[in-house]
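Accompanying notes for the structure given below.
The values are calculated or read from the model by the stated rules, or taken from the named source; none is laboratory data. No experiment lies behind these values; they were computed from the predicted model shown. Positions of Cβ are backbone-derived with ideal geometry, glycine not excepted, and every protein chain shown enters the neighbour counts.
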Amino acid sequence: MRKQLMGAAIAAVIAAPAMADDHSNKWYLNAGVGYQVFDSAWDLEETAAALFSVEQKLSKDWGVEVGVSYADADNRYNNSAADAEVTFISANAIRYYNTESKIEPYAAIGLGMGVVNFDVVREEEITQANLGGGFRYALSGPLSLRADARYFYGFDHETNDGIVSLGLSYAFGGESKPAPAPAPVQSNDSDADGVEDGADQCPGTPAGVAVDAKGCALDKDGDGVPNYRDKCPNTPAGRQVDKFGCKFVLKHTESIKMDVKFPLNSDAIPASQISELKKVAEFMKRFGGVKAVVEGHSDSTGAAAYNKQLSQRRADAVRSALIKEFGIDASRLSAIGYGEERPIADNSTKAGRQANRRVVAVMEAEVAK
């Protein structure tokens, strides 16, 4: 039997660390008092004992423990010279049960040594195996009550000793690691709006947009433009709106064309052409956002470089008149001379050359109908 007990204890102590996983890895400090009985071979009276151990919970079901017990025992024949101090030291494997309950039973098996120090006669050191169990009862916070009973078999003298004890356990460290995230489940909600594809009447909803039971973006005012895109919420029922949910305004474009004719080799605005400037000024005052580029042109009479300068002077003259005579803001007008580069008529004829000596501008404005 002692070979079997020794083998089981060795196997358990060696195998316990191999059971470690990431479930708990919690530590306990155990302290208690107990009652120790001795084999008749020691001639010692039963007595009180003190116990202390350090325990590590390697996994949900397995742990290891190193413990020590101490007892000061009297000789049963009142021989004070044969009184003894008895110390048992052991390393144990522990198997836990019912680990999710307030009461956690366990079984223990291990190996160790005992030191029986007789006051005068001698000191004995023995090899031991121990077998036992107990339970831990959770109190509050890290504290728990621990009850334990152990049987010790001494191989040297085939002794049989035992200790029953009651004490406290203090738990610390070893927070459980979170369980690995479950494998992602294949989604049947391709736009992730919370409505399965089979019931989603508005697939492709932008991320984060609130939707109704049909998977369509919410439209509080019912104007056909969803809330997330509606720049004019609370539109009255039945009103026609644009793509931004705002009142739809029909627009048309109004335009005006200026065409000021100049005499040959002149940048002076003829009196007959003032009406052209006046209509442009009125248009620009009516539509305050309109800007214009005043373009000067010439015929092909003379050198091209000179004609370029002449056309620029003509454009500048018209711009200046609009600013000074008609009060148009200078920032709304610019002038450029193209010279003879952009004819609109045949420069080989007098009428054609007259048509080409011009300053023009085209302006447009969008207005509501």
task = For residues that are over 23 Å from residue 33 (Cβ atoms) and surrounded by 15 or more Cβ atoms within 10 Å (Cβ to Cβ), scanning just segment 71-98, find the one that is modelled with the lowest pLDDT.
result = 82
key: Matching residues in segment 334-355 - criterion: being among the small types (Gly, Ala, Ser) and not in a loop (DSSP other than H, G, I, E, B)   = 334, 335, 337, 351, 352, 355
Residues of segment 194-213 satisfying the condition of being among the small types (Gly, Ala, Ser) and under 15 Å from residue 225 (Cβ atoms) = 210
note = Filter segment 243-260 for residues that are at pLDDT 70 or above and under 16 Å from residue 362 (Cβ atoms); the one that is surrounded by the fewest Cβ atoms within 10 Å (Cβ to Cβ) is 255
task = Give segment 20-53 a look and list any residue that's part of a strand (DSSP E or B), of a type in the set (A, V, I, L, M, F, W, C) and farther than 23 Å from residue 126 by Cβ, or say none.
result = 27, 29, 31, 33
query = In segment 228-238, how many residues are within 25 Å of residue 206 (Cβ to Cβ) and either part of a loop (DSSP other than H, G, I, E, B) or among the acidic types (Asp, Glu) (or both)?
reply = 6
Segment 301-326 - residue that is in contact with an Asp or Glu (Cβ under 7 Å, 6 or more places away or on another chain) and among the charged types (D, E, K, R) and, of those, surrounded by the most Cβ atoms within 10 Å (Cβ to Cβ) = 314
inquiry  = Of the residues 320, 300, 331, 272, only one is assigned to a helix (DSSP H, G or I) and either within 60 Å of the chain's Cα centre (by Cα) or in contact (Cβ under 8 Å) with a residue 40 or more places away in the chain (or both); which?
reply    = 331
query = Restricting attention to segment 134-158, which residues are under 47 Å from the mean Cα position of the chain (by Cα) and not hydroxyl-bearing (Ser, Thr, Tyr)?
reply = 134, 135, 136, 138, 139, 141, 142, 143, 145, 146, 147
request  = Please go through segment 79-114 and pick out each residue that is in a loop (DSSP other than H, G, I, E, B), polar (S, T, N, Q) and within 59 Å of the chain's Cα centre (by Cα).
outcome  = 98, 99, 101
ask   = Quick check: is even one residue across segment 283-293 without any contact (Cβ under 8 Å) to a residue 24 or more places away in the chain and exposed (fewer than 12 other Cβ atoms within 10 Å of the Cβ)?
value = yes
